[in-house]
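For reference, the structure is listed below as structure tokens.
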Amino acid sequence: MAQVKLENVTKQYEDVTAVDDMNLEIKDGEFVTFVGPSGCGKSTTMETIAGLTIPTDGGVYIGNENVTRKPPKDRGISMVFQNIALFPHMDVYDNISFGLRLRKYDQEEIDQRVENAADVVQLEGMMDRMPEEMSGGQRQRVAIARAIVRNPRVFLMDEPLANLDAELRVHMRTQLQRLHRELDTTIIYVTHDQAQAMTMSDRIAVINSGELMQVDPPLTCYNEPNNLFVAGFIGSPSMNFVEGQITNSGFESEYMDLPFDPETQGVEPGQDVTLGIRPEDVYLEPTRNQAGTPSKTYDMVVDVLEPMGDEVFVFLLAERGIETSADEMGAGQLLMSVEPDADVQANQDKQIVIDRDRVHLFDSETEQAITHGLK
Ligand code: ADP
């Protein structure tokens, strides 16, 4: 077990800054996930910790030791990657114990460690299987067991579940949480999938264009996103964004306004702001009492319904015939999530309210959050 620290880490490739002056402290035994869109620098950051990449600038510390220039084998880390590389001609036992045998551990110690690791990832009774006789999930568990037997100070996992089908991925998410609980080892996990980040981590580090956007527990990132990027990236479906302006009487935009006292919210008339509304904070008017402090009522038209089973996503339009963009909510288009039995059908006129206690305001220029929930 060990803490990990990145101090002003930068990695420059020709004209690309893959990691931009990153500062991060990961506590001993913590499960931290790097999350962000493809190409944002997650893997490169991880590689500087693993020793597969030397930063252009800054330092990497594992357990207070500066390891910036140490080779991977001297860092006390174990890695698991997306592409599982098991030895095809070796059975499970030999695959898991390979590194220990190479380092000439005695047989009793090897047996003990393999047994413990197999137990943690639930591979007991499969020691004689060959990789080709196993499912993707089982092979990934062998790869994880092989990493466990080395008793690493830090576990590094780069998209280890990316190649598994959806059902197995959900199952492995639970397994990895158990693994973390049982091993109590520092785990750094890389994924572009915000669902994996939300469900497993103590804290998530949201990265965009090589820069850390926010490092906080998952629910803090969800409920109190620092900026527009985090607000839009965390949560599925995404937050609705309505761009508008502050007037003397509150927020105003082409299709939606929201009355409040600007001074109380820390904004000024004339300021360009973006109103953020999560789909679950929009309510059909008859269910108004469920919304914390409802705002005014808005007349909208139901465009399309997407029943998900446990909830229904309802795409609303401010007026019939508004031009909408497929991936951007707001500006006359609002996504709401309602109970499956809600009385709502396509093309109906509906009145909705939004929960004032849960809307977000962002400065449109700086993209930074101003307030979470109107005061
Ligand atoms: P992610 O893991 O978030 O998908 P990466 O860390 O792999 O992102 O990449 C971050 C950026 O650095 C990307 O723009 C990528 O093209 C660039 N990059 C990564 N590795 C190299 C390399 N070896 N040479 C040049 N550019 C690279």
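The values are calculated or read from the model by the stated rules, or taken from the named source; none is laboratory data. Everything quoted here is computed from the prediction, not taken from an experiment. Every residue, glycine as well, gets a Cβ built from its backbone with ideal geometry; the counts of neighbours run over all protein chains shown. Side chains are part of the model used for accessible areas, which takes the heavy atoms of the whole protein and leaves out ligands, DNA and RNA. Shrake-Rupley method; radii C 1.70, N 1.55, O 1.52, S 1.80 Å.
When region 178-197 is limited to residues that are over 8 Å from the mean Cα position of the chain (by Cα) and without any contact (Cβ under 8 Å) to a residue 60 or more places away in the chain, the one that is most open to solvent (accessible area, probe 1.4 Å) turns out to be 181.
Residue count for region 280-306 satisfying the condition of being touching a Pro at 6+ places or on another chain (Cβ under 8 Å) and either of a type in the set (Phe, Trp, Tyr) or at pLDDT 95 or above (or both): 1.
From the set of residues in region 203-234 that are under 18 Å from residue 282 (Cβ atoms) and open to solvent by 10 Å² or more (accessible area, probe 1.4 Å), which is farthest from the chain's Cα centre (by Cα)? Per the stated criteria, the residue is 223.
Say we look at region 2-26 and pick out the residues that are surrounded by 15 or more Cβ atoms within 10 Å (Cβ to Cβ) and more than 16 Å from the ligand (Cβ to nearest atom); which of these is modelled with the lowest pLDDT? The residue in question is 2. Please determine whether any residue of region 54-72 is within 14 Å of the ligand (Cβ to nearest atom), out of contact with any Lys or Arg (no Cβ under 6 Å at 6 or more places or on another chain) and either in contact (Cβ under 8 Å) with a residue 24 or more places away in the chain or not polar (S, T, N, Q) (or both). Checked region 54-72: at least one residue is within 14 Å of the ligand (Cβ to nearest atom), out of contact with any Lys or Arg (no Cβ under 6 Å at 6 or more places or on another chain) and either in contact (Cβ under 8 Å) with a residue 24 or more places away in the chain or not polar (S, T, N, Q) (or both). Out of 80, 154, 67, one residue alone is touching a Pro at 6+ places or on another chain (Cβ under 6 Å) and β-branched (Val, Ile, Thr). It is 80. Here region 138-176 is the region considered, the condition is being of a type in the set (S, T, N, Q) and closer than 17 Å to residue 78 by Cα, and the residue that is most open to solvent (accessible area, probe 1.4 Å) is 151.
Any residue that is open to solvent by 30 Å² or more (accessible area, probe 1.4 Å), part of a helix (DSSP H, G or I), in the same structural domain as residue 229 (by TED's automatic domain parsing) and at pLDDT 95 or above - is there at least one of those in region 81-94? Yes: one or more hits. Condition first: acidic (Asp, Glu) and within 19 Å of the chain's Cα centre (by Cα). Can you find one or more residues in region 58-79 that meet it? Among the residues of region 58-79, not one is acidic (Asp, Glu) and within 19 Å of the chain's Cα centre (by Cα), which makes the answer no. Only one of the listed residues (35, 67, 60, 9) is touching a helix residue (DSSP H, G or I) at 6+ places or on another chain (Cβ under 6 Å) and within 13 Å of residue 154 (Cβ to Cβ). That residue is 60.
Residues that are in contact with a strand residue (DSSP E or B) (Cβ under 6 Å, 6 or more places away or on another chain) and away from the ligand (no atom under 16 Å from the Cβ) were ranked within region 192-213; the one that is nearest to residue 16 (Cα to Cα) is 203. Here residue 113 fulfils each of the conditions (1) on the phi < 0 side of the Ramachandran plot; (2) within 16 Å of the ligand (Cβ to nearest atom); (3) of a type outside the set (A, V, I, L, M, F, W, C) apart from (2).
Of the candidates 184, 158, 165, the single residue that is within 16 Å of the ligand (Cβ to nearest atom) and farther than 17 Å from residue 96 by Cβ is 158. Just one residue in the set 99, 59, 39, 29 is in the same structural domain as residue 193 (by TED's automatic domain parsing) and part of a strand (DSSP E or B); that residue is 59. Here residue 329 meets the list (1) more than 23 Å from residue 249 (Cβ to Cβ); (2) surrounded by 18 or more Cβ atoms within 10 Å (Cβ to Cβ); (3) at pLDDT 95 or above almost entirely, failing just condition (3).
The residue that is nearest to the ligand (Cβ to nearest atom), among those in region 34-50 that are open to solvent by less than 20 Å² (accessible area, probe 1.4 Å) and within 15 Å of residue 196 (Cα to Cα), is 42.
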